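The values are calculated or read from the model by the stated rules, or taken from the named source; none is laboratory data. Because the structure is predicted, anything quoted here is derived from the model rather than measured. Here the Cβ is made from the backbone with ideal geometry for all residues, glycine too, and neighbour counts use every protein chain on show.
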Amino acid sequence: MNRIRILPDLVANQIAAGEVIERPASVLKELVENAIDAQATAIRIEIRGGGKSIIRVGDNGHGMGKDDALLCIERHATSKIHDSADIGSIHTLGFRGEAIPSIASVSRFRLLSREPAAPAGVEVDIHGGKLLAVKEAGCAPGTQVEVRNLFYNLPARRKFLRSDPTELGHLHHVFLLHAIAQPHIAWTLHQDERLIHELAPSAAGDPQAALLARVRALHGPQLASQLVPVDFAREGVKIRGLIGKPGLSRSNRSELYCYVNSRPVDSRAIYYGLIEGYHTSLMRGRYPVCFLFLDVDPASVDVNIHPAKREVRFREDARVQGCIIEAVRRALGTSAGSTQPQAPLEMRFGKEGGRRQEAGGRRQEAESRIQNQFATSPVVPAQQPLVPESQISNLKSQIPNLPLHPSSLIPHPLILGVVANLYVVAMDKEGLLIVDQHAAHERILFDQMMARMAKGTAPSQRLLLPQTVELPPRDAIELRTRLPLLEKMGFGIAEFGDRSFIVDAVPPFVKIETIPQLMRSILDQLDEAGKGVNRDRFAEETVAKTVCRHAVKANDVLRREELERMLSDLQACAHPLTCPHGRPTILRLTLAELEKKFGRRP
């Protein structure tokens, strides 16, 4: 009995679709690449239901006759390559001949195509890989492909698709990738019967000018004004495009647009070259904003690694990386042979990084003061005696006989002094308490702020001049879904178009750089928070970072009344024993521990 059998074409196509067609964005990518390869000068895209209901792509390219239209739905049928030698010098975006049959096997597929000189076109209807009809049809020159009900015959696969806003974000990203790379093509994007983009072809003869105009149309003038041109050629590698000034960065790669021979790619070699090119102008863990195009000999790059064709491998990574590093440094105003001048602290590390360095400096100063003061006087009294000697002898009568609960403090501890203007030393019936005034104040401010946010009364300050922010489609979708959370935190943000927002108020604890950069930073933090357990923790993390900046610091001298109020407020907190970052606010040295250390008990 034979156990090995050849799979039917339908099953083989559905398996192949699992590699090529991951989600609606994969369908759009394949159809757009086919339109570009057909030398179209205008591409029309229509999306409904997050791409799960309809994806329709039409172009005015060279079209197909009846025979070619039938052949294109067969596996490994393509006009892009003819023999094995062509694989080493691929000039087109597509070449495998897998996309169309894969898409047709998992959807209700309809193709209309007509060659410019033909009197009529051809219509091909396929449902779930089964050919239903082939007939003549009236249509404009070019090709139109309509994909309905994606994965309708694979319900297990369809249920793993994300929500419509998430899938739309991926679809818009595919649109942006190709619209940026092809400024000479007119693009139209409709979403749920609403016009989103209508881009005219660039009339500029200079590729850099055409690219800048397209970036300005898609990302807005605010972002475009912070870009510098790149134009470099060496050792068979030509690099052109636009990169962000050092102050413009993201915490992820969402605005890293990299192309090799006009193909959108992911490449570690390119990313490494970019990061190294920025050197100290870019904070560690941050990524630049860039629109970078590499033109190389097709024989020196392998695009045949994965069916999605996004990953590429260079024959000589080091040569490519070196060219990118040199190109970026020249664009930023430095030469490869010279040491790049240090950028200002905020530019190199961001405001958070600058604060961390300042905080580190304060900690070092505090540690040195502690060492010096312990050498002279272990407890530094405040400007006036905090606890008279007469009161210490009456301690037991002044302090209630209450145990220390893990989540509370003994009421009214007696304050003895402050070590190094940072550690408050107090005494209660159980022994000594040492309180970190900075950590304690952090916890107090954090709880107060979170309580106000829960009541919807978070503080907010109006901007003198409201500012308009334009965001990429994926960021705009994310911000739109998070508006209630941001308003709860004290932001005043209103929609002002599909991708535009008006910001007229921010929380007083927010350090304002530029409003567009602030919004991008918030979106990056939301994206990072989304990888954790609960994205709403973003509010807690933001407040925790904020109160750290506003809490009292080491060497801040507090009066007795202020210290007593701080300990009283700390006792009222829900979790008084730790700061919002998890560090302890208070350490206890009990009488039993003291007796043990002094050898009074075994």
Please determine, by comparing only the residues of region 51-80 that are of a type in the set (K, R) and surrounded by fewer than 17 Cβ atoms within 10 Å (Cβ to Cβ), which one is modelled with the lowest pLDDT.
K80
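Here is a yes/no grid of residues against (1) of a type in the set (G, A, S); (2) loosely packed, with under 15 Cβ neighbours inside 10 Å; (3) under 17 Å from the mean Cα position of the chain (by Cα):
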position	(1), (2), (3)
A210	yes, no, no
Q222	no, no, no
S225	yes, yes, no
P246	no, no, no
V265	no, no, no
Y287	no, no, yes
Return the total of residues in region 441-481 being closer than 30 Å to H173 by Cα and touching a strand residue (DSSP E or B) at 6+ places or on another chain (Cβ under 8 Å).
10
Which listed residue is of a type in the set (D, E, K, R) and in contact with a Ser or Thr (Cβ under 8 Å, 6 or more places away or on another chain), from R240, R214, R194:
R214
How do the pairs read when you match residues in region 411-437 that are closer than 18 Å to E595 by Cβ with residues anywhere that are in a strand (DSSP E or B) and among the small types (G, A, S), using Cβ under 7 Å and keeping only pairs 6 or more apart or on different chains?
L433/A426
Tell me which residues, restricted to region 117-145, are in contact (Cβ under 8 Å) with a residue 24 or more places away in the chain and closer than 23 Å to E98 by Cα.
V122, V124, I126, G128, G129, K130, L131, V134, G142, T143, Q144, V145
Step by step: first the residues of region 180-216, then only those that are outside any loop (DSSP other than H, G, I, E, B) and among the β-branched types (V, I, T), then the one that is nearest to P473 (Cα to Cα). Which residue is that?
I196
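Residues checked against (1) part of a helix (DSSP H, G or I); (2) at pLDDT 85 or above; (3) out of contact with any helix residue (DSSP H, G or I) (no Cβ under 6 Å at 6 or more places or on another chain); (4) within 30 Å of P472 (Cα to Cα):
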residue	(1), (2), (3), (4)
N534	no, no, yes, yes
K545	yes, no, yes, yes
A554	no, no, no, no
L563	yes, yes, yes, no
R601	no, no, no, no
Residue set Q437, Q467; condition at pLDDT 85 or above, polar (S, T, N, Q) and within 16 Å of Q571 (Cα to Cα); output residue Q437
Condition check: surrounded by 18 or more Cβ atoms within 10 Å (Cβ to Cβ) and touching a Cys at 6+ places or on another chain (Cβ under 6 Å). Does V174 satisfy that?
no
